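Written below as C-alpha cells is the structure these notes are about.
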Amino acid sequence: MAKTLAEKIWAEHVVRSASGEPDLLYIDLHLIHEVTSPQAFDGLRLAGRAVRRPDLTIATEDHNVPTQNIDKPIADPVSKLQVDTLRANCAEFGVRIHSLGDKDQGVVHVVGPQLGLTQPGMTIVCGDSHTSTHGAFGALAFGIGTSEVEHVLATQTLPLARPKTMAINVEGDLKPGVTSKDIILAIIAKIGTGGGQGYVIEYRGSAIRALSMESRMTVCNMSIEAGARAGLIAPDQTTFDYIAGKPHAPANFDQAVSYWKTLFTDQDAIFDVEIDLNADDLEPFVTWGTNPAQGASLNSNVPNPADIADEEARGAAERALVYMGLEAGTPLKKIAIDTVFLGSCTNGRIEDLRAAAEVVKGKKIASTLRMLVVPGSARVRLEAEAEGLDKVFIDAGAEWRNAGCSMCLGMNPDQLAVGERSASTSNRNFEGRQGKGGRTHLVSPLVAAATALRGTLSSPADL
Amino acid sequence: MDKFITHTGSAVPLRRSNVDTDQIIPAVYLKRVTRSGFEDGLFAAWRNDPEFVLNQPAYKAATVLVAGVDFGTGSSREHAVWALQNYGFKVVISSRFADIFRGNSLKGGLLTVILDQSEVEAIWAAIEAEPSTQITVNLENRTVSYNSVVCNFAIDDYTRWRLMEGLDDIGLTVKNADFIDSFEKSRPPHKPLTLPIKG
C-alpha cells in the first residue's frame, strides 16, 4: 500500500503492535538537557533501572545556562544545581554530555545536526517541543514530557498513538528578503496554533526543495507552533551533502544514502489533509500578538479586533493588543523596538548569523536599542568567529554572546524587563516568555538585522 | 500513580483560549529538580491580578479547571501538569488540548477531558452562576455530569484502562522487553551511535 513518509518511518520502528493498544515505537536517538531530565533520572533511581541505551543518548546544557562569563561558576544557585544535577546524572548513568565550555555544547537542536547524529529515517525525541527541528532531515522527531524521557531512558521505546498526516505544499519562488521563517510564520497564521494538532506535517513543494538544510530546520522547528508534534521534509541531495563529513556521518555513506533515497511519500499515498501555500505571494512576516498565529505581513497594520469575525479570535486579539501595548491600525513598521534577539533553535545557526551580518556590516545599530547575538552552539560561535562575523556584530554595536537558549525562553539572565519590546528570531511570543511583562515580535534574521539598524520593525528593503 | 475512576468537585472557569504552558508555569520556575512544589508558579503572572478567577474566594476549592480551546500549547514542560496537580486540580476540561500537554497529563494521572465548545460554554455558564456547582467526571462511564446535565466524552480504551488501574507506562513496557531485544538485533548498522568519535 502506498505510504506517506511519516507512515514509512513509523512502520520501520514498530517494536510491538497489538489491537486496542498504542504502538510501541523504537527511538533511535534521545537528546537530553538539564531542565526536563532530573525528575526522569530520579525515577530511574527509585525503580532501580538503568539507561537501556546510553549509546543512543546524548546530553548538553542549554536552557538555563548563562551566555556571559561562562568560565566562572553559574551565579544563580538554582540554575547551578540543575546543571550540576545533569552532570552527575550523566556520570552515574554513563551518558555522553557536552557541558558549558565544550565546543559541542549548545542548543540541543543545533548540536544534534551539527554532530551528524540527526539522519534521515530515524526516530528522535527530546524533552523539548522544538525537537520537531530534526524533521528537516526526514527524521520523525518530536518533543516529549519528563515521564516520557524516563520511559525512553529505561526502555528506548515509547508507546504512541499513530498520528494523522498533513501535507503543506509550498510552491513557487520566494522573493528576495523573504526567508523560511516567513514561510512558517505565514503557515501558522493560516492554520492556527491548533491547526496541526494530532498531525505530522510534511512540508513539500518547490519552495521547500529550494531551501538550504538550515532553512528547512527553521520550518520544521516551528511545526509545534502550528500544533503539530512533528514536521518532516523528505531527504534529498541537499540533506545528504549536509550530513557528509559530519563527525557521526555513517562510515558506509553510500549504503546509508541508498536507504535514505527510499524515504519519500509514495506518489499515490493519501494525506489526511492537504494545504497549499504560494511562495510567490509571501512577504516578510512578523507577529503582533501573544500567540504565534497572530502574525501579519510586515507591510501591513496592527489588525483591528473588531474586524475579526470569530468571537473567540476577536477576544484573544483584544487581550493581545492590551498586553502588547499596541493600537489597532498602527503600521507594523512604526513599532519601536528595545531589544533585538538573534539566536535560538529556530534561527541561531551559522546561515542565520551570516544573513544578519550581511545586513548590519559596516553600519551601526540604532542608539535606542540593544542587540543580543547568541550563537546556537559553541561550534557555530567558533565558525562565526573564524569568518569574522563576531567583529561585524560588535562593530555595529551588538553584544556577542556564548551559546544557549538565552532570551528565547528567559530562563537564564537574558530577559526582557516589564514593558520592554523585542524583535526576536525565536519561536514564541507568549506573554512573559522572554521575561515577565516583556513583549515579543517574532521575526526572521533579516528583519531582526534591519530592525536593529532602523530602531523600528523593518526589512532590509527599508534600508 | 493513583487510580482514577471518578472525581467530584467544584470547578473554575478559565475563559481564555491558547493558554500556553508558559502561562501555566513560567520558565523561571523550571529550575527545580523535584516533581513537587510547583503550585506557587501556577499561572504566576495572572495570579498577580486580584481579579483573576483563581484569586476569587468562590473558586478557591475548585478541583476541576474548565478552559478555552487549545489549552497547553507550546513547551513540552511536564512541570505544567505538576503545577496543576500540586495546586489541587484533578481534571482539566477543554474543547482541544495541545498534543504534548495531553500526553503528559494522561501519563501523570491528571485527566484531560475533551468536550464540544458548546458544552464547555454551558459549564462556564453554570459555574459562573453558581460556583459551588459540583461536577462529576466519571472515567468509567466517560461522562461529565452536573445539575441535570450529562455530557459524554471520548478517551481511548487503553488510556482509560491504564488510568483506572493507576498503572505507569514503563512497568507495562518492561513486560515487553523481549520484543525490544529482538527489534534491536535488526537495527541497521548505518544508524549512528552517540559514542564519542575518536580523533
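A few comments on the model shown:
- Residues of the stretch B:157-199 that turn out to be acidic (Asp, Glu) and at the interface with chain A (Cβ under 7 Å from one of its Cβ atoms), as a count: 2
- Any hit, the stretch A:351-371, residues being surrounded by 24 or more Cβ atoms within 10 Å (Cβ to Cβ), at pLDDT 95 or above and farther than 19 Å from A:ALA461 by Cα: yes
- Filter pass, A:LYS164 being over 30 Å from A:PRO54 (Cα atoms), more than 15 Å from the chain's Cα centre (by Cα) and among the basic types (Lys, Arg): yes
- Restricting A:ASP281, A:ASP276 to residues that are under 17 Å from A:GLY177 (Cα atoms) and in contact (Cβ under 8 Å) with a residue 40 or more places away in the chain narrows the list to A:ASP281.
- Identification of helices (runs of 4 or more DSSP H) wholly contained in the stretch A:229-348 with 3 or more residues that are over 30 Å from A:GLU7 (Cα atoms) yields A:311-324.
- Selection of the stretch A:371-426 for residues being touching a Ser or Thr at 6+ places or on another chain (Cβ under 7 Å) and at positive phi yields A:GLY404, A:SER406.
- Residue match in the stretch A:139-150 (condition: over 25 Å from B:THR173 (Cβ atoms) and more than 7 Å from chain B (Cβ to nearest Cβ)): no
- Lone qualifier among A:THR451, A:THR346, A:THR440 - being more than 14 Å from chain B (Cβ to nearest Cβ) and either within 21 Å of A:LEU332 (Cβ to Cβ) or surrounded by fewer than 19 Cβ atoms within 10 Å (Cβ to Cβ) (or both): A:THR451
- Test for A:GLY177: is it in contact with a helix residue (DSSP H, G or I) (Cβ under 7 Å, 6 or more places away or on another chain) and not in a helix (DSSP H, G or I): yes
- A:SER377 being crowded, with 21+ Cβ neighbours inside 10 Å, of a type in the set (Ser, Thr, Tyr) and farther than 30 Å from A:GLY192 by Cβ: yes
- The conditions of being surrounded by 23 or more Cβ atoms within 10 Å (Cβ to Cβ) and outside the structural domain of A:LEU56 (by the TED database) are not met by A:ALA244.
- Flag for A:MET407 being farther than 21 Å from A:THR287 by Cα and within 12 Å of chain B (Cβ to nearest Cβ): no
- Note on the stretch B:71-142: enclosed helices (runs of 4 or more DSSP H) holding 3 or more residues that are at the interface with chain A (Cβ under 9 Å from one of its Cβ atoms) are B:79-87, B:99-108.
- The residue that is farthest from A:GLY410 (Cα to Cα), counting only those in the stretch B:30-43 that are within 11 Å of chain A (Cβ to nearest Cβ) and surrounded by fewer than 18 Cβ atoms within 10 Å (Cβ to Cβ), is B:SER36.
- Residues of the stretch A:292-322 classified as within 14 Å of chain B (Cβ to nearest Cβ) and either of a type in the set (Asp, Glu) or in contact with a strand residue (DSSP E or B) (Cβ under 7 Å, 6 or more places away or on another chain) (or both), total: 7
- Verdict on A:VAL15 being more than 11 Å from every other protein chain (Cβ to nearest Cβ), buried (at least 19 other Cβ atoms within 10 Å of the Cβ) and not in a helix (DSSP H, G or I): no
- Test: residue in the stretch A:443-460 that is among the hydroxyl-bearing types (Ser, Thr, Tyr) and within 26 Å of B:ASP20 (Cα to Cα): yes
- Within the stretch B:146-156, being within 14 Å of chain A (Cβ to nearest Cβ) and surrounded by 13 or more Cβ atoms within 10 Å (Cβ to Cβ) holds for B:ILE155, B:ASP156.
- Selection status of A:ILE188, within 14 Å of another protein chain (Cβ to nearest Cβ), in contact with a helix residue (DSSP H, G or I) (Cβ under 8 Å, 6 or more places away or on another chain), part of a helix (DSSP H, G or I) and in contact (Cβ under 8 Å) with a residue 60 or more places away in the chain: yes
- Restricting B:ILE25, B:ILE93 to those that are out of contact with any Gly (no Cβ under 6 Å at 6 or more places or on another chain), buried (at least 24 other Cβ atoms within 10 Å of the Cβ) and closer than 18 Å to B:GLY108 by Cα reduces the list to B:ILE93.
- Residue that is modelled with the lowest pLDDT, among those in the stretch B:169-199 that are of a type in the set (S, T, N, Q) and surrounded by fewer than 16 Cβ atoms within 10 Å (Cβ to Cβ): B:SER186
- If you go through the stretch A:18-37 and keep only what is within 7 Å of chain B (Cβ to nearest Cβ) and either in a loop (DSSP other than H, G, I, E, B) or surrounded by fewer than 17 Cβ atoms within 10 Å (Cβ to Cβ) (or both), you end up with A:GLY20, A:GLU21, A:PRO22, A:ASP28, A:VAL35, A:THR36.
The values are calculated or read from the model by the stated rules, or taken from the named source; none is laboratory data. Given the structure is predicted, the values throughout are model-derived calculations rather than measurements. Ideal geometry is used to build each Cβ from the backbone, glycine not excepted, and the neighbour counts take in all protein chains shown.
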